[in-house]
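> Below is the structure I would like to discuss, written out as structure tokens.
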Amino acid sequence: MSRWFGLTFFFSVSLFGCKKEVPPEAGGAAGGSVEAPTQGSAIDPAVSALAATFAPGELRVTLVNPGAEPRQALRYDYKPGTTGSLQVKTDSDMGMGMTDPTTGQATQLMNIIMPSILFDIEMSAEGVDAENNATLVSKVSAVGVEARPGSMPELIDTLTQQFAFIMGMSTRATLSPTGRLIEQTITPPSTISAELAEAMKMAEQATQTVTLPLPEEPVGLGATWTVMNVTQANALEVFVTQTATLESLEGDVATVRFTVTQDLLRGDGAMMGLPPGSSLEFTLFRSEGAGQIQVDLSQPFVFSGDILVGVQAGFDVTSNGESQSVSMTMRTQTTTSTLP
């Protein structure tokens, strides 16, 4: 059981940060049924072909509909010396099942309601260059794990130890006024091991943006744009497509709703950290949904969001000559708010 919990936890960490909301039938939730994976390939050749046209680190923003008049260019306005603090709260539910290859009968292995995980992040703008690109610095100032209804109390100590190494992690990023990440460096705390430091360095590849990218063109209410990129998230490589819609703009405060899909490009046993000699092949990967963010463009550290992540996956695992079909569901709700 501990081996499967470890795989579940690793899979959830790999997808941490995906911003989307799914209907119950799309993602499933802990406490619900676990479906047998659908046989076939989880990788869409058409999506893979599109992803191959992207340069490393490329973020492609395309205006689909400029919206109603009047229109204006949306820009983040970072002023040197600006500071702010955010709290990110994450609630996750996970389920896992296995299918007998002989009988085809599905067995539920686990349904887990995770405790709440909270991060406090201090942010500041150190400077702005001639092109209005801002140098931003952030640091994890507090980490907490709290019980929530139905969660397993024994996981609190385990997760507290797992996430303690993030305390003190700092990030330095250069961001354009339209929210495009130009450069980023993650510095791990000096107290962690070399292995954990390397794992945190891998997070640089997964973080393509620290804000919602904005279109270059002027937009009005109802404007729609897409944001596409290839993301390496530890165990998985996925193609991310966001479709954003400007719901309201009151002064500098913009409310944007967005839908998100993720398509699997690569994910194998070596990437998932399975024992040597084991293999893994995804047979199903489904990730879709929606979210919302509200931001004051004149004070970019003042924003809020309420996001629900949903993923359904199926894969065949072969180890020691034995094969099993495994299914996994995960739902993660992330709430971000500005601290006083």
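> If you take the residues in the stretch 127-147 that are of a type outside the set (A, V, I, L, M, F, W, C) and under 26 Å from the mean Cα position of the chain (by Cα), which one is nearest to Arg180 (Cα to Cα)? Please lay out each step first, then the result.
If we filter the stretch 127-147 for residues that are of a type outside the set (A, V, I, L, M, F, W, C), which is where we start, we get 127, 129, 131-133, 135, 138-139, 141, 144, 146.
If we keep only those that are under 26 Å from the mean Cα position of the chain (by Cα) as well, we get 133, 135, 138-139, 141, 144, 146.
Details: Asn133: 9, Thr135: 12, Ser138: 17, Lys139: 20, Ser141: 25, Gly144: 30, Glu146: 34 Å.
Restricting to residues being of a type outside the set (A, V, I, L, M, F, W, C) and under 26 Å from the mean Cα position of the chain (by Cα), the top hit is Asn133.
> Hey, among the residues in the stretch 213-223 that are under 29 Å from Ala49 (Cβ atoms) and surrounded by 19 or more Cβ atoms within 10 Å (Cβ to Cβ), which one's modelled with the lowest pLDDT?
Let us first name the residues in the stretch 213-223 that are under 29 Å from Ala49 (Cβ atoms), namely 213-217, 223.
Now narrow it down to the ones that are surrounded by 19 or more Cβ atoms within 10 Å (Cβ to Cβ): 213-215, 223.
Values: Pro213: 91, Leu214: 95, Pro215: 97, Ala223: 98.
Ranking the candidates gives Pro213 first.
> From Asp100, Asp157, Asp120, Asp91, which residue is farther than 23 Å from Met169 by Cα and of a type in the set (Asp, Glu)? Explain how you work it out, then say what you get.
Values: Asp157 fails: farther than 23 Å from Met169 by Cα; Asp120 fails: farther than 23 Å from Met169 by Cα; Asp91 fails: farther than 23 Å from Met169 by Cα.
Just a single option satisfies the conditions, and that option is Asp100.
> Right, something else. Could you list, ordered by first residue, the pairs with Cβ atoms under 6 Å in which the first is in the stretch 105-132 and more than 30 Å from Arg75 (Cα to Cα) and the second is in a loop (DSSP other than H, G, I, E, B) and at pLDDT below 90, at least 6 apart or interchain?
As it stands, the answer is Ala106/Ala36; Gln108/Val34; Asn111/Ala30; Asn111/Gly31; Ile112/Ala30; Ile113/Ala30, since those pairs meet every condition given.
> If Val145 satisfies all but one of (1) of a type in the set (Val, Ile, Thr); (2) in contact with a helix residue (DSSP H, G or I) (Cβ under 7 Å, 6 or more places away or on another chain); (3) at pLDDT below 90, what's the number of the condition it fails?
For Val145, the exception is condition (3).
> Which ones in the stretch 306-326 are part of a strand (DSSP E or B) and either more than 20 Å from the chain's Cα centre (by Cα) or free of Cβ contacts under 8 Å to residues at least 60 places away in the same chain (or both)?
Residues satisfying the conditions are Asp306, Phe315, Asp316, Val317, Thr318, Ser319, Glu322, Ser323, Gln324, Ser325, Val326.
> Right, next: Please find, among Val238, Val230, Val210, the residue that is on the phi < 0 side of the Ramachandran plot, at pLDDT below 95, crowded, with 18+ Cβ neighbours inside 10 Å and in contact with a Ser or Thr (Cβ under 9 Å, 6 or more places away or on another chain). Please lay out each step first, then the result.
Numbers: Val230 fails: in contact with a Ser or Thr (Cβ under 9 Å, 6 or more places away or on another chain); Val210 fails: crowded, with 18+ Cβ neighbours inside 10 Å.
Going through Val238, Val230, Val210 in turn, the sole match is Val238.
> Has the stretch 281-299 got any residue that is surrounded by 19 or more Cβ atoms within 10 Å (Cβ to Cβ), outside any strand (DSSP E or B), under 22 Å from the mean Cα position of the chain (by Cα) and modelled with pLDDT of 85 or more?
Looking through the stretch 281-299, none of the residues is surrounded by 19 or more Cβ atoms within 10 Å (Cβ to Cβ), outside any strand (DSSP E or B), under 22 Å from the mean Cα position of the chain (by Cα) and modelled with pLDDT of 85 or more.
> Further question on the same structure: Being more than 30 Å from Lys79 (Cβ to Cβ), crowded, with 22+ Cβ neighbours inside 10 Å and among the aliphatic types (A, V, I, L, M) is the filter here, so list the residues in the stretch 300-321 that pass it. Don't jump to the end; show me each part of the working.
Taking the stretch 300-321 as the starting set, the residues that turn out to be more than 30 Å from Lys79 (Cβ to Cβ) are 308-321.
So of that shortlist, the ones also crowded, with 22+ Cβ neighbours inside 10 Å come out as 309-315.
Those that are more than 30 Å from Lys79 (Cβ to Cβ), crowded, with 22+ Cβ neighbours inside 10 Å and among the aliphatic types (A, V, I, L, M): Val309, Val311, Ala313.
> Here's a check for you: in the stretch 90-105, which residue that is of a type outside the set (S, T, N, Q) and crowded, with 17+ Cβ neighbours inside 10 Å is nearest to Phe303 (Cα to Cα)? Even if it seems obvious, please write down each step before you answer.
Step one: filter the stretch 90-105 for residues of a type outside the set (S, T, N, Q), giving 91, 93-98, 100-101, 104.
Now drop any that are not crowded, with 17+ Cβ neighbours inside 10 Å, which leaves 91, 93-98.
Working: Asp91: 19, Asp93: 26, Met94: 28, Gly95: 32, Met96: 35, Gly97: 38, Met98: 41 Å.
Checking each candidate, the answer is Asp91.
> Let me ask another. Give the residue that is modelled with the lowest pLDDT, with candidates limited to residues of the stretch 184-207 that are in a strand (DSSP E or B) and hydroxyl-bearing (Ser, Thr, Tyr). Give the steps one after another, and end with the answer.
Start the filter on the stretch 184-207 by keeping residues that are in a strand (DSSP E or B), which leaves 184-187.
The next check asks that each one be hydroxyl-bearing (Ser, Thr, Tyr); those that pass are 185, 187.
Values: Thr185: 83, Thr187: 79.
Checked the stretch 184-207; the qualifying residue modelled with the lowest pLDDT is Thr187.
> Looking only at residues that are modelled with pLDDT under 75 and touching a Phe, Trp or Tyr at 6+ places or on another chain (Cβ under 8 Å) in the stretch 245-280, which one is surrounded by the fewest Cβ atoms within 10 Å (Cβ to Cβ)?
This residue is Gly273.
> What pairs come out if I take residues in the stretch 246-258 that are free of Cβ contacts under 8 Å to residues at least 40 places away in the same chain and small (Gly, Ala, Ser) and pair them with residues that are surrounded by fewer than 20 Cβ atoms within 10 Å (Cβ to Cβ) and assigned to a strand (DSSP E or B) whose C-beta lies under 8 Å away, six or more apart or interchain?
These pairs meet every condition: Ser248/Thr255.
> Looking only at the stretch 32-76, filter to residues that are acidic (Asp, Glu) and within 30 Å of Gln299 (Cα to Cα); which one of those is modelled with the lowest pLDDT?
Taking the stretch 32-76 first, the residues acidic (Asp, Glu) are 35, 44, 58, 69.
Checking the rest, the ones that are also within 30 Å of Gln299 (Cα to Cα) come to 58, 69.
Values: Glu58: 88, Glu69: 97.
If we take residues in the stretch 32-76 being acidic (Asp, Glu) and within 30 Å of Gln299 (Cα to Cα), then Glu58 is modelled with the lowest pLDDT.
> Does Val145 count as of a type in the set (Val, Ile, Thr) and within 16 Å of Asp93 (Cβ to Cβ)? Can you show your working first?
On the way: of a type in the set (Val, Ile, Thr): yes; within 16 Å of Asp93 (Cβ to Cβ): yes.
Spelling it out, Val145 is indeed of a type in the set (Val, Ile, Thr) and within 16 Å of Asp93 (Cβ to Cβ).
The values are calculated or read from the model by the stated rules, or taken from the named source; none is laboratory data. Quick caveat, the model's predicted, so the values are computed rather than measured. Positions of Cβ are generated from backbone atoms using ideal geometry, with glycine treated the same way; all protein chains shown enter the neighbour counts.
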